[in-house]
2 protein chains.
Amino acid sequence: MKKKDQSRISIKDIAKELNLSITTISFVINNKAKNRISDEVIAKVEAYIEKVGYKPNSSAQTLRTGKTNTIVFMVEDISDPFFSSVAKEMEELAFDSGYRIIFCSTENKKSRAIELISMFKDRQVDAYIITPPEDFEDEIQKLVSENQIVMLFDRFYKQADYNYVVLNNFEATKKTINYLVGEGFKNIAFVGLESGLSTLFERFEGYKEAVADANMNDLSLHLNFEDVRSKKGSDLFDNFLNNNPNIDAILFSTNSLAITGLKVLKKKNLEIPLDIGVITFDDRDLFELHSPPITVMAQPISLLAKELINGTLKLLKNKNKVQNKIQIVLEGNLVIRKSSKHTEIELKRSKATRA
Amino acid sequence: MKKKDQSRISIKDIAKELNLSITTISFVINNKAKNRISDEVIAKVEAYIEKVGYKPNSSAQTLRTGKTNTIVFMVEDISDPFFSSVAKEMEELAFDSGYRIIFCSTENKKSRAIELISMFKDRQVDAYIITPPEDFEDEIQKLVSENQIVMLFDRFYKQADYNYVVLNNFEATKKTINYLVGEGFKNIAFVGLESGLSTLFERFEGYKEAVADANMNDLSLHLNFEDVRSKKGSDLFDNFLNNNPNIDAILFSTNSLAITGLKVLKKKNLEIPLDIGVITFDDRDLFELHSPPITVMAQPISLLAKELINGTLKLLKNKNKVQNKIQIVLEGNLVIRKSSKHTEIELKRSKATRA
DNA sequence: AATAGTTAGTAAAACGTTTTACTAACTATT
DNA sequence: AATAGTTAGTAAAACGTTTTACTAACTATT
C-alpha cells in the first residue's frame, strides 16, 4: 500500500492519513494543542498515534530543538565498582525523567577526556557530569563558558564557582584517623596517590591534621595513578613498610590502593589487625568478605547518584535562567569491622599468652 | 561580525566564507572530492575547516543518513564487574573505530529491556549487543526481522541463526568438575540459578554430565535471580548445606552466587577447603584476595570484548550484503588456587594429627 | 450592519546535512 | 569547425521535526 512500507512512520504520514496538517499533528504530540485544536481532532490524532505506534524521530527533534535528552557521565574508570554502582543508580533515576545517561571512562587522561568532550559536543548532549582527570580546570572552565551545563563529581575546584556533588573528604579522613587513634594505634600510615585532585588532596590534608592533633608523625606514601595496579606500586608499598617497621595501622586512600596493599600484606604474611590495622576508603564486597573483614569509610552511593541526577535535572530545567550553583557535600560513613579493632589484637595476644 | 556568533559553525557558513557551494564543502568533508574538485579548492577548504575547528552536526547527519555511529550494549547489570570490565574494553576498541558504545542494564527484566530497545530504536542506534533477559527470544527475533544488527552476548539461542559471542559453558563446567573429581572430591554440589538462559542451563548440563561420568550424584541448588543478593538466597543456601552434610565441594555458577555463598560459609565457620572445596565462575579481585584464594573458571574478558566489537563492526560494514552469521564460542580458563586443592586438605589434616 | 475577537486550524521556513541530477567551460578527437 | 568527453563545480531536494505568522470562518458586541 504505502510507498515505503519498511521505514518508520512520520508526522507527514499521519497528517496525510488523517487529512490534517503536520502542524496540527505536531501540536498534539507536544501537548500544545489545547485551546487551539478541537477536542475531537486531538482525540482522533492521539488514537491514530497510539494505533500505529508512532514515535518521533529523535535526530530530527534534536536538529530542530538542539536538545538530545542525553546526559554524559564521564568517570575515571567505569569498571571501578564505586563509579559503576553510582552509574547504575543514575541510569535508573534518569530513565524515569526521560533522560539517557552515556557513560565513558577517561582513564584519568587529559587528552582522552578532551577527545570525549569534543565528541559529545558534536552530539549535543544536554549536560555533562564529569569526574575530571588531573589538570583539567581550564577545560571545565571552557565548557562552562560555552554555556554548557556542567556538574562535577567526586572532585572539584574549591576556589571556583562550579556545580558539584562531592564527599567531605577532609572530615571523613579526620574522622577515620581519630577513630584509629582512639583504638590505640600509635603509628598510623597513609597510602595515597600523587595527585592534585581535590579528593586525594583533601584526604591527605585530613590525615595530616588528625595525625598532628594526636602528636603523631606523618607517615605517608604516594603512588602515581598508573602504578597502582602494577608491580612498581606493590614494590614501592613493600619498601615503604620495610623502611617504616613501626607502622601499626594504615589508611588506604582509595579502594584500588587497598587491593594492591592487601595483596602485599598477604604476601608478607602480616596479620591484620595484630601486626597492622587496616582501613580503606570505599566499601566493596571484597572488604566485607576479607579475612578479617576490612573497616571502610564508605561513600553514600545512592545519595550521591540521587543528588547528581536531581541537581543536573534542576540545572537543565532552569537553563538560561539565573540560578544558584548546586554545591553539595555529603558525609562519609565509617563502617567498623575487625581489621581495625584493637580489642581483636588484645584477644589474640591473650590467647598467645595462654598458649 | 557574524549574525549568530555564539552558535556553532555550519557548512553553510564555510561555503559563504569561501565563496563555494555547500555541496563542494560536503564533498571535501566526506572525502568524495577526488576527481571532482580541484586540488587547490580541496586544500583551501581543508585548511579553513582546520582553522575554524568545524565539526559536523551529528543529528543532521543522522537525519540525512540514518546512521548514528552508536552501538548499544545492553547487559544484565553494568555494575557487575564481569560486564563492566567487558564494557570498558569495548568502549576503548569502539572509540578507535569512530563508534560510541551506550551501556545500559536490564536488571534481567523483560519489560525494562523492551522499553530500552524501543528507546534506542527512536535514537536509531546502528547495532545492538544484547545480553538478553529471560524469555526474550521473540523480541530478539523481532529486532532481527526489522533488519537491525543484533549481536548476542553471554547467552544465546542455540537452535536459531543469530550472531553471538559466548563462552563454551558446557565444556568449561565439565572441565571444572573433572578437575574437582581428579582432586579427590566425592560429593560435588552445584549452585546455580533457576533460569532458561543458555549460559546457566549449559553450566548445569555440563555439571550433570561430568558428575554422572564420575558416578556421583547430582547435588544442586537453584536460586531465583532476584533472591541471590537477599536474605532469602542466603537462607536457601544455608538449608541446602544443612540438608546435604556430605557435600565436600561446591561449584558456584556465577560470581554473585559465590559471594553470597562465601558469606554463608564464613558465617557457618566452614573452613575452605578443609570442610568444603570451592570453585566459582568469573574471576574477581575478591576471589584472588580471599583467604584462602578461590579457584575460578575465568572468562577471557579482553578476547570477549575484541570479538564482540570486531564482529559487530564487520556486520555494520557489510550491512545489506548477504553475510554469514558471526558465531563465536570461546573457551574458559581454569585458574587453580587453594580453595579447591586436596593437597591443602591433607596438609591441614597431617598438622592436626601431629598436634 | 459593521467591527472586533475568538476558534480551529494551515503554510512555510528552518535546523544542518547528503546526494542526485545538472551545467558551463574547457580539452581532445575527428 | 563541429562534436564528444572531461573537469570542476552547483542547485535543489530531502531527511523529520518545531514554530512563527498567517487566515478563514464563526461569534459576540456595538
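The values are calculated or read from the model by the stated rules, or taken from the named source; none is laboratory data. It should be emphasised that the depicted structure is a prediction, and the values quoted were computed from it without experimental measurement. Using ideal geometry, Cβ is built from the backbone for each residue, glycine included, and neighbour counts are taken over all protein chains shown.
Data table
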{"read-out": "Criterion: more than 25 Å from the chain's Cα centre (by Cα) and of a type in the set (A, V, I, L, M) - qualifying residue of B:265, B:304, B:286, B:221", "value": "B:265"}
{"read-out": "Test result for residue B:229, under 30 Å from residue B:121 (Cα atoms) and not in a strand (DSSP E or B)", "value": "no"}
{"read-out": "Complete set of residues in region A:124-145 that are in contact with a Lys or Arg (Cβ under 8 Å, 6 or more places away or on another chain) and at negative phi", "value": "A:126, A:131, A:132, A:133, A:134, A:136, A:139"}
{"read-out": "Test set (1) β-branched (Val, Ile, Thr); (2) within 25 Å of residue B:59 (Cα to Cα); (3) within 11 Å of DNA strand C (Cβ to nearest atom) - residue A:37 fails condition number", "value": "(2)"}
{"read-out": "Any hit, region A:53-66, residues being more than 10 Å from chain B (Cβ to nearest Cβ), of a type outside the set (Gly, Ala, Ser) and more than 30 Å from residue B:88 (Cβ to Cβ)", "value": "yes"}
{"read-out": "Output for region B:59-79, where each listed residue is buried (at least 17 other Cβ atoms within 10 Å of the Cβ) and in contact (Cβ under 8 Å) with a residue 40 or more places away in the chain", "value": "B:62, B:68, B:69, B:70, B:71, B:72, B:73, B:74, B:75, B:76"}
{"read-out": "Every residue from region A:231-248 that is surrounded by 13 or more Cβ atoms within 10 Å (Cβ to Cβ) and among the charged types (D, E, K, R)", "value": "A:232, A:238, A:248"}
{"read-out": "Evaluation of residue B:186 against (1) outside any loop (DSSP other than H, G, I, E, B); (2) under 30 Å from residue B:273 (Cβ atoms) (one fails), failing number", "value": "(1)"}
{"read-out": "Residue match in region A:2-11 (condition: at pLDDT below 95, more than 30 Å from residue B:74 (Cβ to Cβ) and within 12 Å of DNA strand C (Cβ to nearest atom))", "value": "no"}
{"read-out": "Pairs with Cβ under 6 Å, 6+ apart, first in region A:170-198 and on the phi > 0 side of the Ramachandran plot, second of a type in the set (A, V, I, L, M) and surrounded by 23 or more Cβ atoms within 10 Å (Cβ to Cβ)", "value": "none"}
{"read-out": "Qualifying position, being free of Cβ contacts under 8 Å to residues at least 12 places away in the same chain, farther than 24 Å from residue A:261 by Cβ, within 26 Å of the chain's Cα centre (by Cα) and not in a helix (DSSP H, G or I), among A:147, A:215", "value": "A:147"}
{"read-out": "Boolean, residue A:111 is surrounded by fewer than 15 Cβ atoms within 10 Å (Cβ to Cβ), closer than 30 Å to residue A:226 by Cβ and either charged (D, E, K, R) or away from DNA strand C (no atom under 16 Å from the Cβ) (or both)", "value": "yes"}
{"read-out": "Looking only at region B:26-58, and only at residues there that are surrounded by 11 or more Cβ atoms within 10 Å (Cβ to Cβ) and within 8 Å of DNA strand D (Cβ to nearest atom), the one that is modelled with the lowest pLDDT", "value": "B:36"}
{"read-out": "Residue list for region A:17-31, filter: over 15 Å from residue A:51 (Cβ atoms) and more than 10 Å from DNA strand C (Cβ to nearest atom)", "value": "A:30, A:31"}
{"read-out": "Pairs with Cβ under 6 Å, 6+ apart, first in region B:21-47 and away from chain A (no Cβ under 14 Å), second near DNA strand C (Cβ under 8 Å from one of its atoms) and charged (D, E, K, R)", "value": "B:22/B:12"}
{"read-out": "Which numbered condition residue A:106 misses (of (1) more than 8 Å from chain B (Cβ to nearest Cβ); (2) among the β-branched types (Val, Ile, Thr); (3) over 30 Å from residue A:258 (Cα atoms))", "value": "(3)"}
{"read-out": "Selected residue (criterion: nearest to residue B:263 (Cα to Cα)) from residues of region A:228-265 that are among the basic types (Lys, Arg) and at pLDDT 95 or above", "value": "A:263"}
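For (1) more than 9 Å from every other protein chain (Cβ to nearest Cβ); (2) modelled with pLDDT of 95 or more, each residue gets a yes or a no:
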residue	(1), (2)
B:87	no, yes
B:91	no, no
B:97	yes, no
B:111	yes, yes
B:123	no, no
B:127	yes, yes
B:131	yes, yes
